[in-house]
Amino acid sequence: MPLPPLASVEQARSLLQLNTAYHQAKLLHTAVELGLFEMLAGGPSTVDEVRQKLSLAHPLATDFLDALVAVGLLEADDGPPRSYRNSATATAFLVPGAPEYLGGSVLQHARKHYHVWAGLTTALREGEAGSGAEAHGPEAYPQHYADLERARQIMAHFDTFTTFTADEPRAPRRLGPVPLLRRHRRRARKPGDPPGTGPPAPVGHGLRPTGAGAAV
């Protein structure tokens with residue numbers, strides 16, 4: 001019986017890259033959460049200076065910075081000592097206060113959406129929402145966003161997209177990688193409306209892992 005032809009190496013490489021794409025996402029998320037790009041906006045720093053300024057204790061800090069160089073978010077000078085600076089991409093999009101800052105959306109994905117997507121298998125099997133109004137009732141969002149810091153975070157996330165759509169009013173845009181998550185488009189809730197109506201739900205709600213750790 002003849003053997004099937006070998007699969008393309010390029011196809012295998014593409015699949016492996018897809019399988020580990022979250023590595024790159026977490027590099028980006030962690031760097032923004034730490035405030036690395038904001039710190040380097042003041043000028044290049046060595047790994048020891050980065051450790052001190054950001055209070056990093058892990059011995060793999062150098063590997064972390066070199067990985068950010070590999071994905072194009074940092075640049076490095078060999079020195080000695082080796083120093084790191086923001087790439088042009090990081091300067092344009094990841095330094096707070098930049099006109100086209102994307103960090104608000106990055107932070108929202110790091111804090112919420114990354115964990116929501118981690119529960120996709122469970123959500124598909126159980127068929128029930130673990131967050132939002134579907135899971136916690138119609139008052140879930142008012143209670144969630146009574147915290148002004150949470151409200152600021154979600155507005156910074158939305159501002160990321162309104163900035164670009166304002167510049168390109170005629171360009172069709174798809175927000176989100178695949179249409180797996182229902183996007184709720186509801187008008188503002190009024191007295192007498194049935195439960196569950198209200199303002200749009202943030203992207204990613206509705207597929208939250210259930211259990212003690214689930215949150216709005």
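Readers should treat all values here as calculations from the given coordinates under stated rules, not as data from a laboratory. Here the structure is a predicted model, which is why all the values come from computation and not from measurement. Note: ideal-geometry Cβ built from the backbone for every residue, glycine included; neighbour counts use all protein chains shown.
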Which cross-chain or sequence-distant (5 or more) residues have an amide H under 5 Å from the amide H of LEU94, H modelled 1.01 Å from N in plane? LEU102
Phi-derived 3J(HN,Hα) across the stretch 12-19 with the Karplus relation (6.51, -1.76, 1.60, θ = phi - 60°), rounded Hz, x for Gly and Pro, is 5, 4, 4, 5, 5, 5, 5, 4
How high is the FRET efficiency between GLU75 and TYR114 when r is their beta carbon distance and R₀ equals 35 Å, given to the nearest 0.05? 0.85
Enumerate the amide H contacts of LEU74 below 5 Å, restricted to partners 5 or more residues apart or on another chain; note that Pro and chain-start residues carry no placed amide H. VAL69, SER87
For THR46, which sequence-distant residues (separation of 5 or more, or a different chain) have an amide H within less than 5 Å of its own amide H, given hydrogens modelled in the peptide plane? TYR84
So, over other residues within a Cβ distance under 12 Å of LEU36, counting Lys, Arg +1 and Asp, Glu -1, the net charge is 0
Counting only DSSP loop positions in the stretch 1-97, the trypsin sites (Lys or Arg not before Pro) whose Cβ has at most 15 other Cβ atoms within 10 Å are ARG82
Extension gain from LEU54 to MET155, taking 0.36 nm per residue of separation minus the Cα-Cα distance: 33.8 nm
